[in-house]
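The numbers here are math on the coordinates, done by the rules we state, and not lab data. Only a predicted model underlies this, so the values are computations on that prediction, with no experimental measurement involved. In this analysis, Cβ positions are derived from the backbone assuming ideal geometry, glycine residues included, and neighbour counts consider all displayed protein chains.
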């Protein structure tokens, strides 16, 4: 294994410490419960938004804590759900009179931790709602999931509920907005290589020198098929066709189009994929009016990408265009 | 080779097409001269800033064209200087009464192309200045360089001259600012893996399963030493000590600290490195007051990172804090 790491078991805390040191004015790090929290949270005038999940998907979700996005992130160890205690502590830490929304990608381990945390938090008098995200069209059930998995489309749900919360919406309204965006968001991914968890020290699965895993999960779970690598143009078809036909998206639709890198793929290749996907959509009468190219939800150092489409109406457009501030400084 | 690519020879144009499709309101793409140009360039009231270099270093430089940054980028093919004709066309395209500044990382091929272009452009009546960037402390001369190489610190020069130009500074003043920032910027990098150019289809150099290349160049050029991989803590020492002792940076200094990914390294590892570097600097009385963690200047899919320090005074702080807008959307 060649990684930048000290003690592999301390990978997550060491990363979170660096994140907090790089953002002293906006973030605080609570090492006891592994939390990254907005410096100004909780605010009495807004619903607090919390997302938890296993680590290894950065920037999701610890690096999207900020104005218009999350109030706190509650990560577990690499590819492991956060302990229930940590989720309860997150709800306490950002408890607001307007309530707390817990966002959870639909994996069985995370679901259990968050459902238990919701019960305990409510017993303490905290107003809590939980929202599950399941945008991945690749498989119906999966290694760690009953029902569809939550993957990169999660970003759009965070952005939408974050915008609604900043605008002062109450908890029910924030939940409505989040469910709506989840219901119009579809994703599928492909792996060119496996990923290597620091504490394991070796690739999580084997993939031949000329093979790709179509519909891969963000923990390296199997997808729809393993096949020989093909040109980018064909890969885009393989990802886009199941996405478009699933909702379905159709002639006249306006969409947000995301090409998300899985961690080891350079941004040059992501823009190349974006161009192909954009033109294929336009040829079907579907118009990308918002573009997202980069890393949003990764799988450690996996080479690969996912494509996400969000069907837009005026409300969703406005939510996605709302201002936000996150720790990732680009200039 | 496993990459997202159609015809490997069309990798750069296909990427640029995607970039322009993703940013229709702010960027235009000229396929004849391989240019990415701000939609509002040239502006009569500001010096135009152009950077050219080989491709394969994205987001440098085609993805930092925007307000407060570049007016145009003039990329060559992967790891190849742009043809002189393309540089001249870039100068024509953004010709402003206030002049055009050409930024060039110090590589012999780029230097020749830009010096010739400067002569031709001046002969056409365009006011041009050229500024060479050479922030890499790893080696004195290198495979493609007489003198030091220009690497990720380049970002800070772009940011500073971009800010000065937006504020209305004349060409001499913009050049002064750029030279000043270059003179207080130092970088060193390390590779964990080689990179694979699309048209070559195989890794550019060989690196053993447990080896790292210390002081690597952004085209995979040899650095100072090849050694066994060590914990992140030691890697930070190996990079930071030569940087700190070179300027030198010393007790009482305020700095910008950048941890730049080389393309295949996930952002989790970059934040882990940031935390270590930040604490080591503070222990020496050097205070990071601006942080940059992510990909700024890559080497295709190479796993690895570089560290950059910029010595700050009030003027440089103000330039780096100026507003800017680039195509990379993060939320």
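Can you give the mean number of other chain Cβ atoms that lie within 10 Å of the Cβ atoms in peptide A:57-69? Don't skip to the end; give the middle numbers.
Details: counts 2, 6, 7, 0, 0, 2, 6, 2, 0, 1, 1, 1, 1.
Per residue, the average neighbour count from other chains is 2.
When the helix-only estimate is applied to the protein assembly as shown (DSSP H runs of n ≥ 4, each -39,500 (n - 2.57), divided by the residue count), what is the mean residue ellipticity at 222 nm, nearest 500 deg cm²/dmol?
Helix-only estimate at 222 nm: -10000 deg cm²/dmol.
Run the numbers on chain B and let me know its relative contact order in percent, using alpha-carbon pairs under 8 Å that are six or more apart. Write down the numbers at each step before the final one.
Details: 787 pairs, mean separation 58.9, N = 331.
This gives 18 percent for chain B.
Over chain B, with a Gaussian network built from C-alpha contacts below 10 Å, which listed residue (B:42, B:231, B:97) shows the highest mean-square fluctuation?
B:231
Relative to the present Cα-Cα distance, how much length would full extension add between residue B:180 and residue B:141 at 0.36 nm per residue of separation?
Working: separation 39, 0.36 × 39 = 14.04 nm, distance 2.18 nm.
Between residue B:180 and residue B:141, full extension yields an extra 11.9 nm.
Exposure proxy check: B:61, A:57 ranked by fewest other beta carbons within 10 Å?
Taking fewest neighbouring Cβ atoms as first place, the list is B:61, A:57.
For residue B:210 and residue B:43 in the same chain, what is the full-extension length gain: residue separation times 0.36 nm, less their Cα-Cα distance, in nm? Write down the numbers at each step before the final one.
Values: separation 167, 0.36 × 167 = 60.12 nm, distance 5.15 nm.
That pair, residue B:210 and residue B:43, stretches by 55.0 nm at full extension.
Which of rounded, prolate, oblate describes the stretch B:143-302, given a ≥ b ≥ c as roots of the alpha-carbon gyration tensor eigenvalues and a/c under 1.5 marking rounded, otherwise prolate only if a/b is larger than b/c?
Values: a/c = 1.95, a/b = 1.30, b/c = 1.49.
It is oblate, given that a/c is not under 1.5 and a/b is not larger than b/c.
In nm, one decimal, shortest first: how far is the label point of residue A:230 (7 Å from Cα along Cα to beta carbon) from the matching points in the other copies?
4.8
How big is the antiparallel share of DSSP beta bridges in chain A, given as a percent to the nearest 5?
On the way: 27 of 53 bridges.
Percentage antiparallel, nearest 5: 50.
Shortest first, in nm, what separates the label point of residue B:250 from those of the same position in the other copies (7 Å along Cα→Cβ)?
7.4
From the label point of residue A:120, set 7 Å along Cα to the beta carbon, how far off in nm is each other copy's matching point, shortest first?
Once sorted, the set of distances for residue A:120 reads 6.9 nm.
Given the rotation that superposes chain A on chain B, what residue of A brings its beta carbon nearest the axis, and what is the distance in Å?
Per the Cβ-to-axis criterion, the result reads A:264, 2.
By the gyration tensor of its Cα atoms, with a ≥ b ≥ c the square roots of the eigenvalues, what is the shape of the stretch B:8-183: rounded for a/c under 1.5, prolate for a/b over b/c, or oblate? Each step should come with its number before you reach the end.
Numbers: a/c = 1.36, a/b = 1.03, b/c = 1.32.
Taking the square roots of the gyration eigenvalues as a ≥ b ≥ c, the stretch B:8-183 is rounded.
Test of understanding: ordering B:156, B:120 by Cβ neighbours within 10 Å, fewest first, what list do you get? Before the final figure, lay out each step's value.
On the way: B:156 28, B:120 16.
Lowest to highest Cβ neighbour count: B:120, B:156.
If you take every DSSP beta bridge whose two residues both sit in the protein assembly as shown, what share of them, in percent to the nearest 5, is antiparallel?
On the way: 54 of 106 bridges.
Taking every DSSP beta bridge within the protein assembly as shown, about 50 percent pair in antiparallel fashion.
List the equivalent ellipsoid semi-axes of chain A in whole Å, largest first, each obtained as the square root of 5λ for an eigenvalue λ of the Cα gyration tensor. Display every interim value, and only then the final one.
Numbers: eigenvalues 176, 116, 60 Å².
Largest first, chain A gives 30, 24, 17 Å.
Stokes-Einstein D for the protein assembly as shown at 20 °C, 1.002 mPa s, Kirkwood Rh over Cα pairs, in µm²/s?
Values: Rh = 24.9 Å.
The Stokes-Einstein estimate is 86 µm²/s.
Which residue fluctuates most in the GNM of chain B (Cα springs below 10 Å): B:276, B:49, B:88?
It is B:276.
With a 10 Å cut-off between alpha carbons and a GNM built on chain B, which of B:308, B:127, B:187 moves the most?
B:127
Shielding by partners for B:287-298, please: the mean number of other protein chain Cβ atoms within 10 Å of each residue's Cβ. Intermediate results must be reported in sequence, preceding the final value.
On the way: counts 0, 3, 1, 2, 8, 5, 9, 7, 6, 2, 0, 3.
Across B:287-298, the average partner-chain Cβ count within 10 Å equals 4.
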